[in-house]
Amino acid sequence: MLSLLGRDPRLLWWLPTAIAILFSWPLLSYAGEVKVAVASNFMQPMKEIATQFERDTRHSVVLAFGSSGKFYAQINHGAPFDVLLSADQAKPSALSASGLAVADSQFTYALGAIVLWSATPKDGADLLADLKAGQFNKLAFANPKLAPYGAAALEVLQHLSLQAATQPKWVQGENIAQTYQFVRTGNADLGFVARAQLAPEDLAFAWSVPKSFYGPIRQDAVLLQRGAANPAASELMRYLRSDAVKAILKKYGYDADA
């Protein structure tokens, strides 16, 4: 071929294209797909992480969002996920113990935070005053038995000695996404939601709950057995520990340091 090119330099025009195709071939050959079950509170940051991951690795990501409890049940019944990003530590630990997740793959990818919020713009100090005075019709938070963000909200009420006083006005969401909708639509005039769910303009009218009022909301990732032989899944697990992801977590109000 080289001798032919030497005889006719006009044929050299296609050489850069041929080289580009040659070097991109391994990337195209090894690009894969990873199916990820993601806790609903992590929807917005995970969409951004997935976009960046796809751009950086050429792998594709299929995301499903919902309750960690429902995902746990689905995985136990054979749901085809490669990775679980849970809102807690208990469910990834249980999957590892039962052999449905890869041993020693579990790690904390984010620490969550909760805020007291209302869809009616109001200063955070005023929201806290309304909560203490009972000046509200409904208080929304996620079911503490199903959602770690709900368990944290209950801890806050106990810390403030408001559990008994507020209980008649509780409305509980199945998960933090449903809880957010209760408040956003006005079905509850106050609610404990994930800080990451709020846009910056909404955060300006929220009470950021001191982290000393509730235990750490450790959100753990685990590689499921279905993804054990999937290079894209393993690469995503590594990517979740990267500086690029830590920057995204910080932007959405999560702490990346477990």
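Which net charge results when you count Lys and Arg as +1 and Asp and Glu as -1 among the other residues whose beta-carbon is under 13 Å from that of ALA233?
Summing Lys/Arg as +1 and Asp/Glu as -1 gives 0.
Highest mean first, how do 120-127, 39-46 rank when packing is the count of other Cβ atoms within 10 Å averaged over residues? Each step should come with its number before you reach the end.
Numbers: 120-127: 14.0, 39-46: 24.2.
Descending packing order for the listed peptides: 39-46, 120-127.
Kindly rank 87-97, 209-219, 237-247 from highest to lowest mean number of other beta carbons found within 10 Å of each residue.
Ranked by mean Cβ neighbours within 10 Å, highest first: 87-97, 209-219, 237-247.
Give me the percent relative contact order of the chain, please, defined on Cα pairs under 8 angstrom at least 6 residues apart.
Across the chain, relative contact order equals 28 percent.
Around LEU224, which amide H atoms from residues at least 5 apart in sequence, or from another chain, sit under 5 Å from its own amide H, with H modelled in the peptide plane?
Residues meeting the criterion, in which the H sits 1.01 Å from N, are VAL83, LEU84, VAL102.
Under 5 Å between amide hydrogens, which residues at least 5 positions from TRP170 or on another chain qualify, with H placed 1.01 Å from N in the peptide plane?
It is LEU139, by chain and number.
Specify whether the C-alpha gyration tensor of the range 162-258 places it in the rounded, prolate or oblate class, a ≥ b ≥ c being the square roots of the eigenvalues: rounded for a/c under 1.5, otherwise prolate if a/b is larger than b/c and oblate if not.
prolate
Which label marks the calculated value of mean projected area of the Cα convex hull in nm², given the options (i) 18.0; (ii) 16.1; (iii) 14.3?
For mean projected area of the Cα convex hull in nm², the calculated option is (i).
How big is the accessible area of ARG55 in square angstrom, nearest 10, if you roll a 1.4 angstrom probe over the protein chains?
Rounded to the nearest 10, that gives 150 Å².
What relative contact order, as a whole-number percentage, does the range 35-160 give when Cα pairs under 8 Å and 6 or more residues apart are counted? Could the numbers behind the result be given before it?
On the way: 104 pairs, mean separation 27.3, N = 126.
Relative contact order, the range 35-160: 22 percent.
For a protection proxy built on the mean count of beta-carbon atoms within 10 angstrom, sort 70-77, 160-167 highest first, please.
70-77, 160-167
Only helical DSSP H runs with n ≥ 4 go in: add -39500 (n - 2.57) per run for the chain, normalise by residue count and round the 222 nm mean residue ellipticity to 500 deg cm²/dmol.
Working: 12 runs with 111 residues, N = 258.
My calculation for the chain gives -12500 deg cm²/dmol from helical runs alone.
Considering the dipole of the range 113-167 built from charges on the beta carbon (Lys and Arg +1, Asp and Glu -1) around the Cα centre, which of LEU131, ALA153, ALA113 is farthest to its positive end?
ALA153
If the only charges are +1 at each Lys and Arg Cβ and -1 at each Asp and Glu Cβ, what is the size of the charge dipole of the chain around the Cα centre, to the nearest 20 debye? Can you show the working numbers first?
Working: 23 positive and 21 negative charges, 53 e Å.
My answer is approximately 260 debye.
Output ³J(HN,Hα) for the range 223-228: one whole-Hz value per residue in order, computed from phi by the Karplus curve 6.51 cos²θ - 1.76 cosθ + 1.60 with θ = phi - 60°, and x for Gly and Pro.
For the range 223-228, the Karplus-derived couplings read 8, 7, 4, 4, x, 4 Hz, x marking Gly and Pro.
The values are calculated or read from the model by the stated rules, or taken from the named source; none is laboratory data. Because the structure is predicted, anything quoted here is derived from the model rather than measured. Neighbour counts are summed over all protein chains in view; Cβ atoms, including those assigned to glycine, are modelled from backbone coordinates with ideal geometry. Side chains included, ligands, DNA and RNA excluded: accessible areas come from the protein's heavy atoms. Shrake-Rupley method; radii C 1.70, N 1.55, O 1.52, S 1.80 Å.
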